[in-house]
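To keep things clear, I will list the structure first and then write my remarks on it.
The values are calculated or read from the model by the stated rules, or taken from the named source; none is laboratory data. What you see is a predicted model; the values in this text were computed from it and never measured. For neighbour counting, all protein chains shown are included, and Cβ atoms are generated from backbone atoms with ideal geometry for every residue, glycine included. In case anyone asks, the SASA skips ligands and DNA or RNA and just uses the protein heavy atoms, side chains included. Shrake-Rupley method; radii C 1.70, N 1.55, O 1.52, S 1.80 Å.
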Amino acid sequence: MTQPDAFLFQQKCPGPQLAPFVRRLWYARGQISYRRDHILPNGSAVLLINLGAPHKTTTAKKLHTSQVQKDAWLCGVQSGALVNEPPGETHVVGASFATAGAAAFFGLPMSEVANRVIALDCLWGPQARGLREEILNAISPEDKLASLERGLLSHLLPTPRGLPRLEAALRRLLVPGPSGIASLAREVDLSPKQLIAEFHRLVGVTPGTLSRIARLSRLLEEIDTRRQVRWAELAAGLGWSDQAHLIRDFKNFSGATPTEYLRRRKEIFGAELEPGEDAIFLPSK
């Protein structure tokens with residue numbers, strides 16, 4: 001995340017055994033300069049091991065459920081902004097999963113964790129506490145990330161049934177352009193109903209929802225806060241019928257209008273962010 005110099009952020013790519021399922025491992029420590037982060041959906045589940053003060057999290061799609069998260073938790077794929085409010089210094093290690101990657105570690109339908117935040121000991125039992133203790137005792141950020149990687153490896157399950165076929169559907173779905181459910185299902189030799197069931201099981205949300213999240217992510221990558229944003233051109237280029245449709249989708253997924261998104265990021269981060277830089281983080285005072 002873009003923060004003052006005192007905020008330390010390190011990341012690494014996982015080794016070859018985890019690489020098909022985990023996008024990156026990361027370490028963060030420091031005090032954010034604002035009250036809370038609205039983390040916009042990006043189609044990825046995230047595992048966090050907290051080494052500092054508890055965090056308050058609020059999900060947008062489960063009746064705005066707020067919880068205090070203390071030790072370690074899993075954020076399932078979200079279809080609305082997840083609000084994270086650390087009351088003190090942030091000190092966490094985390095793993096961002098591939099779109100269907102979390103299914104390889106938890107052995108339950110991902111629909112059960114979508115739009116939820118779940119304490120890790122509810123999923124891994126006492127081993128969750130043991131992993132946190134090991135990471136706490138590791139000295140350097142690099143050692144802490146290595147401990148997290150070992151912990152993930154110890155929970156890696158056999159490749160979930162149907163994952164290779166679903167990944168083929170994901171590759172088609174996550175690229176720009178139309179991809180109706182019926183045609184997508186035919187490409188992977190499933191019925192539309194079966195395809196939706198596989199997405200619920202291995203991702204947590206429907207193909208339609210994930211497609212809309214992917215389009216929002218492409219929009220965020222295109223926004224350049226240093227210049228006037230031409231929303232109508234972006235809407236046309238990314239497949240929205242018009243600017244009004246873009247605004248409705250944007251507010252549904254982020255809780256803010258595009259104009260408010262720009263204003264809040266400029267107020268906190270300044271106007272010199274590169275396009276796509278920390279784009280999923282929407283700060284709030």
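Candidates T57, T90: the one that is closer than 25 Å to L202 by Cβ, touching a residue at least 60 places away in the same chain (Cβ under 8 Å) and of a type in the set (S, T, Y) is T57.
Is it the case that some residue within segment 151-172 is of a type in the set (V, I, T), over 30 Å from L48 (Cβ atoms), modelled with pLDDT under 95 and over 21 Å from the mean Cα position of the chain (by Cα)? Looking for residues that are of a type in the set (V, I, T), over 30 Å from L48 (Cβ atoms), modelled with pLDDT under 95 and over 21 Å from the mean Cα position of the chain (by Cα), one finds none in segment 151-172, hence no.
Restricting E198, E187, E221, E233 to those that are out of contact with any Asp or Glu (no Cβ under 7 Å at 6 or more places or on another chain), closer than 16 Å to R165 by Cβ and modelled with pLDDT of 90 or more reduces the list to E198.
Against the criterion of being touching a residue at least 12 places away in the same chain (Cβ under 8 Å) and either touching a Phe, Trp or Tyr at 6+ places or on another chain (Cβ under 9 Å) or under 25 Å from F199 (Cα atoms) (or both), Q10 qualifies. Out of all the residues in segment 31-43, is one or more among the small types (G, A, S), within 24 Å of A98 (Cα to Cα), modelled with pLDDT of 90 or more and under 14 Å from the mean Cα position of the chain (by Cα)? Within segment 31-43, one or more residues are among the small types (G, A, S), within 24 Å of A98 (Cα to Cα), modelled with pLDDT of 90 or more and under 14 Å from the mean Cα position of the chain (by Cα). Taking strands (runs of 3 or more DSSP E) as the structural unit, those lying wholly within segment 55-145 and holding at least 3 residues that are within 20 Å of R23 (Cβ to Cβ), hydrophobic (A, V, I, L, M, F, W, C) and within 16 Å of the chain's Cα centre (by Cα) correspond to 72-75, 90-97. Among residues of segment 174-187 that are closer than 24 Å to L219 by Cβ, those with a beta-carbon under 6 Å from a residue that is at pLDDT 80 or above and open to solvent by less than 50 Å² (accessible area, probe 1.4 Å) at least six positions away or on a different chain give the pairs L174/A214; S179/L173; I181/P207; L184/A169.
Among the residues making up segment 23-38, those that are surrounded by fewer than 20 Cβ atoms within 10 Å (Cβ to Cβ) and outside any loop (DSSP other than H, G, I, E, B) are R23, R24, R29, G30, R36.
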